[in-house]
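Trainee: Here it is: the structure, laid out below.
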Amino acid sequence: MSNRIELEASYHLNDNYSEILDKIKVEKFKLISEEIEEDTYYTDKDLVFVNNRICLRTRKINDDYLELTYKPKSDDLTEKYGKKEVNIKIDVKDYEDIKYVLTELGYLKYVSFKKYRKTYSKKMNNAEYNIMIDKIDGIGSFIELEILVNTEEEKEKLHDELDDFVKRMGCINLREKEKPYRDIVKDYMKGNKNED
């Protein structure tokens, strides 16, 4: 089980983000993975999870890795936040069983989608710094800047560092991602249904 605290900021990417890729090289981030992530988000029947930005998610990566993720209620309703994240690794062969258990416990599948992700990483200041470039077909491209720490005390020390990280990577002028991916995709799906 992985239990860490993340500080994160997320932004919409324009079609041309070569300047950000140049900054990734200059800052000496290393490409550590290129993956296809299949995310399925669950909620309760009253949508309390959705309304309070609680995350209960399965994530299958490249058909060979599976994890169950839980993130508690967000205090901040922006996509710039710091909160605990619990990830439990599960044998990918148990994917159907996990979905069955979640459904039997009363959770409802809210939305499911595939995301194409490149992750760049480096360690600094006793923390892990990650940059994720995400593409979701039909939705667009995004960048997530993330600092991972192990304790609340470390999180408080690095809170201002997230703002500096955003500035260093040239994201300060990008449009902030105002909703989690699950809600962006759900809104897109509802919009397409209305066009039918």
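Readers should treat all values here as calculations from the given coordinates under stated rules, not as data from a laboratory. Small disclaimer: the values here were computed from a predicted structure and weren't measured. Ideal geometry is used to build each Cβ from the backbone, glycine not excepted, and the neighbour counts take in all protein chains shown.
Trainee: Can you check what the net charge comes to around residue 122, using other residues whose Cβ is under 14 Å from the Cβ of residue 122 (Lys, Arg +1; Asp, Glu -1)?
Mentor: That works out to +2.
Trainee: Using 7 Å Cα-to-Cβ label points, what is the residue 73/residue 100 separation (nm, one decimal)?
Mentor: Inter-label distance under the simple model: 3.4 nm.
Trainee: If contacts are Cα pairs under 8 angstrom and at least 6 residues apart, what is the relative contact order of segment 2-195 in percent?
Mentor: Result for segment 2-195 is 32 percent.
Trainee: Filter the GluC sites (Glu not before Pro) in segment 84-159 to those in DSSP coil with at most 15 other Cβ atoms within 10 Å of their Cβ, and list the result.
Mentor: none
Trainee: Which lysines does residue 118 reach when only Cα atoms under 16 Å apart count, and residues fewer than 8 places away in its own chain are ignored?
Mentor: 23, 25, 28, 30, 60, 135
Trainee: Can I ask one more? About the Cα centre, and with charges only on the beta carbon of Lys, Arg (+1) and Asp, Glu (-1), how big is the dipole of segment 119-196? Nearest 20 debye, please.
Mentor: My answer is approximately 300 debye.
Trainee: In debye to the nearest 20, how big a dipole does segment 2-195 give about its Cα centre with +1 on each Lys and Arg Cβ and -1 on each Asp and Glu Cβ?
Mentor: It comes to approximately 200 debye.
Trainee: Work out Dmax and Rg for segment 14-122 from the C-alpha atoms and quote the Rg first, both in angstrom.
Mentor: In order Rg, Dmax, the Cα atoms of segment 14-122 give 16.4, 49 Å.
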